[in-house]
Structures are given as C-alpha cells and as structure tokens.
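First the structure, in the form of structure tokens, and then the observations on it.
Read-outs throughout are calculated quantities, based only on the coordinates presented, and are distinct from any laboratory measurement. Note that this is a predicted model, so its numbers are computed, not measured. Cβ coordinates were reconstructed from backbone atoms using ideal geometry, including for glycine residues, and neighbour counts include every protein chain displayed.
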Amino acid sequence: MREILERERPDDAILGEEYGSTEGTSELTWVLDPIDGTRGFVSGTPTWGVLIALSDANGPFFGIIDQPYIRERFLGYGERAEVMGPSGAYALQTRSPQPLAQATVFTTFPEVGSAHEGAAFAKVSQQARLTRFGMDCYAYALVASGQVDLVIEASLQPYDIQAPIAVVQAAGGIVTDWDGGPAHNGGRAIAAANREIHAEALEFLKNCPV
C-alpha cells in the first residue's frame, strides 16, 4: 500500500500501524492498518480486515473495510456507502432508531480498556438485548450494514478507527468518543446506527474516568 501511495500520491502523508508516519505537503493523510484484528487473523476467523482511510484536518472522509478471505469490501465516502462481494454490490444503510433495550452491541475484548471503561461498557451491555465480543473491524461493517446497533471500544489507535468512521457515517450512522466529541485520533469510540441510540448509550459512557 505504501509503495502505491508513494508512487501515485507522493504529496500525501501516510500514517500506518506498520512503519509509522510519513510527512506530506497536501494536507491529506492516508491512514493504513494492513491487518486490523491480529488475533482473528492468527486464529483464522474472517473478522479481521484491511483498513484504509483518507483524512484531512477534520478527520476521515473516505474509508475502506476490506475482508479479503470472504471477499467483502465496505466503502464509505461522503454520503455514499456500499459493499461489494460475492453477493454483488449494494448500498449500505444503518438501522433505524430503536430503544437500547432492543439493541445489539459489539466490542472486541470483554475487558474494554481500563476497569472504569469496562464498568461503563457493562452498564450499556446490561441494558441491551444482545452483546457480542471479538468481531474486530467487521463489527463496524455490520453497523453500516444495518445488522448491529452499537460498537463500543477503548484504547484505539487512529488507524483502528478512521476507516470505520468513514464507512459508518456514510451509511447514516454516527461515531464519536465517549463524550460525544471526535474519535478519529483514537482512544475511546462509540459507533452507533443513529443519533437516538447513540444518545441513549452515551448517557452510560460519558465522563468515564481513565
């Protein structure tokens, strides 16, 4: 990926999990994670993915979540989101509003960061209909696809979350930190299918100590 970008987009910066950052002059940054979900990759579960985002000073505006084993590629840019795969290509749309009591919530690890962060997540989980663990970046693709209501995580790096932000928001969802602010610099993130369930879940997460 870096070789292609250095050849085709030499003025853009690059930030990646591998090889760190490369400066640019265009005020655009490609944010790369070649394998998001290393444990899933090692164990052979098709929940890991290749993450690619393009961002400016305001955050990501183009993103790809690619799962090469099952050949699904989720894209988000502007107000357009789509998936391409063995079943064809179709537009993505997040779920319509429903109460947290009817929601499906995902996170990668049961501990969800610090003890305080884990306790805050548990409060949301206790209110939800169903909680699932271990889906890595594919959980965000499920939010964009209208299958899942919430993904809540902590201890993220920018390259973990920027592509999911672009895909989820293009599909009609919202992604913020746990206090409702921008999440593209990493840390804590909540990805929600709509503003209503985002606001309901945020009541349990905001002002969480480290």
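Pull out a ≥ b ≥ c, the square roots of the eigenvalues of the alpha-carbon gyration tensor of segment 100-205, then state rounded if a/c is under 1.5, prolate if not and a/b is larger than b/c, and oblate in the remaining case.
rounded
Please tell me the relative contact order of segment 1-120 in percent, rounded to the nearest whole number, where contacts are Cα pairs under 8 Å and at least six residues apart.
So the answer I get is 11 percent.
What angle do you read, to the nearest 10 degrees and between 0 and 90, between the alpha-carbon axis of helix 115-127 and the longest principal axis of the chain?
Long axis of 115-127 versus the principal axis of the chain: about 60 degrees.
Quick one: what do you get for the chain if you divide its Cα Rg by 2.2 N^0.38 Å?
0.97
If I take every Cα pair under 8 Å that is 6 or more residues apart in the chain, average their sequence separation and divide by the length, what percent do I get for the relative contact order?
Once normalised by length, the contact order is 19 percent.
Please compute the modelled spin-label separation between THR45 and MET1, points set 7 Å along Cα→Cβ, answer in nm with one decimal.
2.1 nm
Size of the dipole of the chain about the Cα centre, Lys and Arg at +1 and Asp and Glu at -1 on the beta carbon, nothing else charged, in debye to 20?
With Lys and Arg at +1 and Asp and Glu at -1, about 760 debye.
May I ask what percent, to the nearest 5, of DSSP beta bridges between residues of segment 100-198 are antiparallel?
Beta bridges within segment 100-198, antiparallel portion: roughly 55 percent.
What per residue convex hull volume, in Å³, do the alpha-carbon atoms of segment 34-80 yield?
Residue-normalised Cα hull volume stands at 71 Å³.
Helix-only estimate, please: 222 nm mean residue ellipticity of the chain, summing -39500 (n - 2.57) across DSSP H runs of length 4 or more and dividing by its residues, to the nearest 500.
Roughly -8000 deg cm²/dmol at 222 nm, from the helical runs in the chain.
Quick check for me: using +1 on Lys/Arg Cβ and -1 on Asp/Glu Cβ, what's the dipole size of segment 84-206 about its Cα centre, in debye to the nearest 20?
My answer is approximately 260 debye.
Rounded if a/c is under 1.5, else prolate if a/b beats b/c, else oblate: with a ≥ b ≥ c from the C-alpha gyration tensor eigenvalues square-rooted, which is segment 2-91?
The shape class here is oblate.
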